[in-house]
Amino acid sequence: ATPDTSEAQGRTLPAAPPVVAGPLPAQSIAASRRTAITTAVERVAPAVVTVQTETVERVPIDYFEYFSGGRSGERRSAGIGSGFIVRADGVIVTNAHVIGGATKVSVAMRDGTTYNATVVGVDEANDLAVVKIAAKQLPVTPLGTSSDLVVGEWTIAIGNPFGFVLGNNEPSVSVGVVSAVGRNLA
């Protein structure tokens, strides 16, 4: 390669080093795949849970079906969502819309263990809910603060909204960026 000449500066720049084609050593690939995102997922994933609900609704009785041994006047439906453990004694945060109207709430851990849950509180305006299970020494999600967020900073959403439906207990992960701070949505 010939040296590059910058006419504006009147000096000669050294040639760029040649690019070597071929595979990188395995250690380089593994190290290059480690990011803040992969580290965060490893740290938080053990505390991600599946929230399962059951809702019983009263429905009008269809008299033709009633006399032929049909409906009881109730319709049961199942729901599923995601949550994360915030205290080792079984306190879990989920979405209000996940447990809304549920007559039964349970929580499934990554290992498949399922616990009955009690709803502790609901904030529908912010779509948050807190449930509690009778368990001890659970992995806990470290919580951060939103007071120092910067527009353009990475965000990571980790959850298990499909539970064991997909035959895999690994959480789903998606990323985005902070698009704005300090907005009043009221």
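Bear in mind that the values in this text are calculations on the coordinates, not laboratory data. All figures in this text were calculated on a predicted structure; none of them were measured in a lab. Note: ideal-geometry Cβ built from the backbone for every residue, glycine included; neighbour counts use all protein chains shown.
Taking 0.36 nm per intervening residue step and subtracting the Cα-Cα distance, what contour gain separates Thr39 from Phe162 on full extension?
The span from Thr39 to Phe162 would gain 42.0 nm if fully extended.
Obtain the nm distance between the two label points defined at Ala31 and Thr145 by a simple spin-label model: each point lies 7 Å from its Cα along the Cα-to-C-beta direction.
So the two model labels end up 3.4 nm from each other.
Express in nm, to one decimal, how much length is gained between Asp111 and Arg183 on full extension, taking 0.36 nm for each residue of separation and deducting their alpha carbon distance. Intermediate values should be presented prior to the final figure.
Values: separation 72, 0.36 × 72 = 25.92 nm, distance 3.94 nm.
So the chain would gain 22.0 nm between Asp111 and Arg183.
At 7 Å along the Cα-to-beta-carbon direction for both Ala135 and Glu54, put a label point, then send me their distance in nm to one decimal.
1.9 nm
Mind checking the full-extension length gain between Val91 and Glu74? Use 0.36 nm per residue of separation minus the Cα-Cα distance, one decimal, nm.
Here the segment from Val91 to Glu74 would lengthen by 3.0 nm.
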